[in-house]
Structures are given as structure tokens and as C-alpha cells.
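Data first, discussion second: the structure below is written as C-alpha cells.
A short reminder: the numbers here are calculations on the coordinates, not readings from a lab. Remember, it's a predicted structure, so these values are computed and weren't measured experimentally. Neighbour counts are summed over all protein chains in view; Cβ atoms, including those assigned to glycine, are modelled from backbone coordinates with ideal geometry.
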Amino acid sequence: MIKCCGFFLVVIAMSVMATKTMAQGAWDTAHATFYGDMSGGETMQGACGYGDLFQQGYGLETAALSTALFNNGQTCGACFEIQCYDDPQWCAPGSITITATNFCPPNYSKPGDDGGWCNPPRKHFDLSMPMFVKIVKDYHAGIVPVQFRRVTCVKQGGMRFEIKGNPYWILVLVYNVAGDVVAVSVKGSSTDWIAMSRNWGQNWQTGTQLVGQSLSFKVTTSDGRTVESDNAVPSNWQFGQNYEGGQF
Ligand SMILES: *[C@@H]1O[C@H](CO)[C@@H](O)[C@H](O)[C@H]1NC(C)=O
């Protein structure tokens, strides 16, 4: 029985995997503008707590999200497919995929339909100029309606853990994750699993002393998947260094 159906089980397993890696949300509508110039503009820091976006593998394929989409940082690291929508004058065909890496703050001194694009309850993506011009005929479009949906992120290599803080308060930036992280636990070589709390963006904290211990991490994304990276960090780890874990 098992022998006869092995091939079909493989086919089923492969289609389940394909469905997982191609997972997409439903289309929704928003607007998009751009910041900076063709050099890309802001690629350092930001409200998700990432550092140098080029060094960390995000490049220019990023966006700052309005309050309605940013979800207090919980959306940091999520990927979206975006295409210009219902604007024949300015829309170019095709779509882009970006990672949420920053927050587009409201500006209540401007109305939502005239400059206050990121004011609640507006759904808005502020794109780098090189990404914006991929979905419009010309950057003079300024602001365009878009369709967007959540897609599974594709990342090169394992997720990374950058350790910051001090011996009494450890802050771990979790980046290059194929998804938006909603929970992180850490286990030192002489501790049990410890749930970390979100400090800001994708920086996760614990007050447990872990200096001199090798560290394992469990990372969960919003779609409920968890990856455990056993001993991803060696016992001689240093503050300011980053270490590679598993990947979704
Ligand atoms: C908000 O908009 C006003 C009016 O255009 C502008 O003067 C101000 O600099 C803006 N504030 C921020 C934080 O961008």
C-alpha cells in the first residue's frame, strides 16, 4: 500500500509545499507615493528597528506603511505585492513586491486627501522612488491608487539575530525572516525557553542573563509557523554581532 502510493504522497507533499510558498492574501486597495530620489533615499534605520537595509538584504524593495497597515510594528517584515490600480493615465502594467520596513507617520496638519496620505484610516505605502516608477508610467503621477495583497517573503539564507543591549537587558533584532515575526523565544544553554517581548519594531527583549551561554531561538510568524534554530548563537557571542538561524 505504502509502496504503491509513494509517488502520489510525494506529489501531494510537493503541492502542499508549493501552496505554502505561494501563499497569498486577498487583494485590498490603498494608495502609494514615493520618497527620496532614484538613489533610493532612506535606507537606514526606521521604525521597524532594522539597520542598513542594503546590508540586511532588503535593498530598495521596501516601504513605509501608514498607521492602518503598520499595526504598531507587528507588520514589520511582512511582504506585499503591489500594483497600480484603476488609473489609466498613470498606471504601468506589472507589480512589485516589497517588505514593510518603516512607518509612515500621520501629519494631522494636512488633510487625508491632500498630503496627509498616511493619516488614519488611510491605507498607504510610501515607496522608494526606484520601486514607485516600476508601477507607474512616470514619477509625476505623485500618488496613485494601488491594489495590494500579502505574499510570502522570499529571503536568501537564514534569518539573522543581532544581539544588542547589555548583560542585564538583551535586545535581539530579528531580520531577514521570510515573514512577519509575532513571537520570539530564546533558550540559553542553561535556561529553559524564555518568551521575549517586543520592544519596538522587530527588536525583542529579555532581562534574563545569557552572557556566556549558547542561544537557541524559536521564531513564529503571523501565519502561525514556527522555526526553531538550535544553538544558532555560540557561547562566545558578543554584543553588536549577528548570527544566522534557520529559515521558513
Ligand atoms: C506636516 O505638514 C505641515 C504642513 O505642510 C508641515 O509644515 C510639517 O513639516 C509636516 N510635519 C511633518 C512631521 O512632516
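When the label point is put 7 Å from the Cα of Arg149 along its Cα-to-beta-carbon vector, which residues of the stretch 62-96 have a backbone N closer than 16 Å? Taking a point 7 Å out along Cα→Cβ of Arg149, the residues of the stretch 62-96 whose backbone N falls under 16 Å are 79-86, 94-96. Computed over the stretch 115-248, the alpha-carbon pair-distance distribution with 10 angstrom bins reads 11, 35, 24, 18, 10, 2, each value a whole percent. In order along the stretch 214-229, phi translates into HN-Hα couplings of 6, 10, 10, 10, 10, 10, 10, 9, 5, 8, x, 7, 10, 10, 9, 10 Hz, rounded to whole numbers, per the Karplus curve 6.51 cos²θ - 1.76 cosθ + 1.60 with θ = phi - 60° and x for Gly and Pro. Relative to the longest principal axis of the Cα atoms of the chain, the long axis of helix 2-21 lies at roughly 50 degrees. Take the Cα of Met38, step 7 Å toward its Cβ, do the same at Ser109, and the gap between the two points is 3.3 nm. The stretch between Ile194 and Glu228 holds 10.9 nm of extra length on full extension. This uses 0.36 nm per residue minus the Cα-Cα distance. Ordering of 74-81, 191-198 by packing is 74-81, 191-198, highest average first (other Cβ atoms within 10 Å, averaged per residue).
Taking a quarter of the surface of the Cα convex hull of the chain gives a mean projected area of 16.7 nm². Look at the dipole of the stretch 159-245 built from charges on Cβ: of Trp169, Val181, Trp204, the Cα furthest out on the positive end belongs to Trp169.
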